[in-house]
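J.: My structure is below; once you've seen it, I'll send some questions.
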Amino acid sequence: MSSDGADAATGEDREAADGPGPAACAVRDAALDALDDAPRCAVCPAGADFYLYEAGRVSTFVCWEHVSPYAADVNGTPADAERPIAVPLPSFTE
């Protein structure tokens, strides 16, 4: 850790540790914009908390209770995780 409190990790490492990157958030935001109503979980009637995304394979909303069975990675990128990433919805992080 440096004297200013920052760690020595690369920017890419910090992005992975801090959650989904800007590209994943942009895809989530586009999916939210395409909805006419509040996002709902694809598995149960609850409101969605996460957007599961893996390019060309997975694009759905789920609640916090159903994000784990999909084996999603909350941090990182689909290429690194080799599975969908769970992008938190803004309402979940507030």
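The values are calculated or read from the model by the stated rules, or taken from the named source; none is laboratory data. Owing to the predicted nature of the structure, the values given are computational and were not obtained by experimental measurement. Every residue, glycine among them, receives a Cβ derived from its backbone with ideal geometry; neighbour counts consider all protein chains shown.
J.: Assess whether residue 26 counts as being among the small types (Gly, Ala, Ser), surrounded by fewer than 16 Cβ atoms within 10 Å (Cβ to Cβ) and modelled with pLDDT of 90 or more.
T.: Yes: the conditions hold for residue 26.
J.: Just name the residue that is modelled with the lowest pLDDT out of those in region 53-80 that are of a type in the set (Gly, Ala, Ser) and buried (at least 17 other Cβ atoms within 10 Å of the Cβ).
T.: 76
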